[in-house]
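For reference, the structure discussed in these notes is given below.
The values are calculated or read from the model by the stated rules, or taken from the named source; none is laboratory data. Keep in mind it's a predicted model, so treat the numbers as computed, not measured. All Cβ positions, glycine included, derive from the backbone under ideal geometry; neighbour counts span all protein chains shown. Protein only, heavy atoms only, side chains kept; ligands, DNA and RNA dropped before computing areas. Shrake-Rupley method; radii C 1.70, N 1.55, O 1.52, S 1.80 Å.
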Amino acid sequence: MGATKRMAELVLQAMANRQSLDFHMSDGTHSPTFENMTTFSMVRFGNVLGISGSVVPLFRKQLLIGGPITVTHPDVTRFFMTIPEAAQLVLQAGAMAEGGDVFVLDMGAPVRILDLAKRMAQLSGQTIRDSQNLNGDIEITITGLRPGEKLYEELLIGNDPKPTAHPRIMKANEDTVPWDILAPLLIKLRHAAVQNDIEALKLILTQWVQGYAPAKHSDDS
């Protein structure tokens, strides 16, 4: 799960826990206080099959042009869900939301991307070209993990997810940050982003996002 996504969740959780809100302005002043009448809740998705950026359309395109199929690591795994599942999760979450909730769909076991690539090749009628089959139709190339990319996807923080009224939807049990602490922090975060201060951004995320460990050697340009 991305650190910036978790940071966004912290913001919504903090806002959900306040009956009234004001915002810290970049000039050091505060906005007028207003009553918080919004129910904020969050939904965490796995990889949604078929959408732009999904690995499945990428593999399909690579198969059509004759390959190679590119996989970052032979052991990398990801969770997957369909577009109807994603839509239903949003609707169900909206119905169950009480404020500050983080909902996650139970997506079963993660899928090994290398196995997915091989299966898609087989379903398209092609064979894999490797050391065991030098005359195969298409090759799978291992490209290496990108900076910050994990082998195994994590959708829950902590080990105590709570059940909901829906058998396939869980509620994550998360630490929160009070709005009074988070609001001035967002000013620092915005300033670092405007200044393109990568190290300051990483420092803030490291301090406030549980489990975030930025890559030591990455291309941040």
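Mean separation of Cα pairs under 8 Å and 6+ residues apart, divided by the residue count of the chain: what relative contact order is that in percent? Across the chain, relative contact order equals 24 percent. Using heavy atoms of the protein chains and a probe of 1.4 Å, the accessible area assigned to M120 is about 30 Å².
Calculated from the structure at hand, Kirkwood radius over Cα pairs in Å is found among (i) 17.6; (ii) 18.3; (iii) 20.3 as (iii). Taking other residues whose beta carbon is less than 9 angstrom from the beta carbon of L105, and scoring Lys, Arg as +1 and Asp, Glu as -1, yields 0. Which value, in Å² rounded to 10, gives the accessible area of H73 with a 1.4 Å probe and all protein chains present? The accessible area of H73 comes to roughly 50 Å². Note on D197/K150: beta-carbon distance plugged into 1/(1 + (r/R0)^6) with R0 of 41 Å gives a FRET efficiency of 0.95.
The sum of -39500 (n - 2.57) across all DSSP H runs of n ≥ 4, divided by the residue count of the chain, sets its helix-only mean residue ellipticity at 222 nm to -11000 deg cm²/dmol. Taking the Cβ of N36 as the center, what net charge do the other residues with Cβ under 15 Å away carry, scoring Lys and Arg +1 and Asp and Glu -1? After counting each charged neighbour, the total is -3.
Label sites at T39 and S131, each approximated as a point 7 angstrom past Cα along Cα to Cβ, lie 5.7 nm apart.
Counting heavy atoms of the protein chains alone, I51 has an accessible area of about 70 Å² for a 1.4 Å probe. The slack between I181 and D160, meaning 0.36 nm per residue of separation minus the straight C-alpha distance, is 5.0 nm.
With both labels modelled 7 Å from their Cα along Cα-to-Cβ, the E139 to K61 distance reads 2.1 nm.
Where both bridge residues fall in the chain, DSSP classifies roughly 50% of the beta bridges as antiparallel. Largest first, the residues K202, K118, K171 sort by 1.4 Å accessible area into K118, K171, K202.
What pairs from K5/K150; K61/K118; K5/K162 go past 18 Å between their alpha carbons?
Among K5/K150; K61/K118; K5/K162, the Cα-Cα distance tops 18 Å for K5/K162.
If I stretch the segment between Q122 and S31 completely, what's the gain in nm (0.36 nm per residue apart, minus their alpha carbon distance), one decimal?
Residue separation times 0.36 nm, minus the Cα-Cα distance, leaves 26.8 nm.
Stretched out straight at 0.36 nm per residue, the stretch from I51 to E98 would grow longer than its current Cα-Cα span by 14.0 nm.
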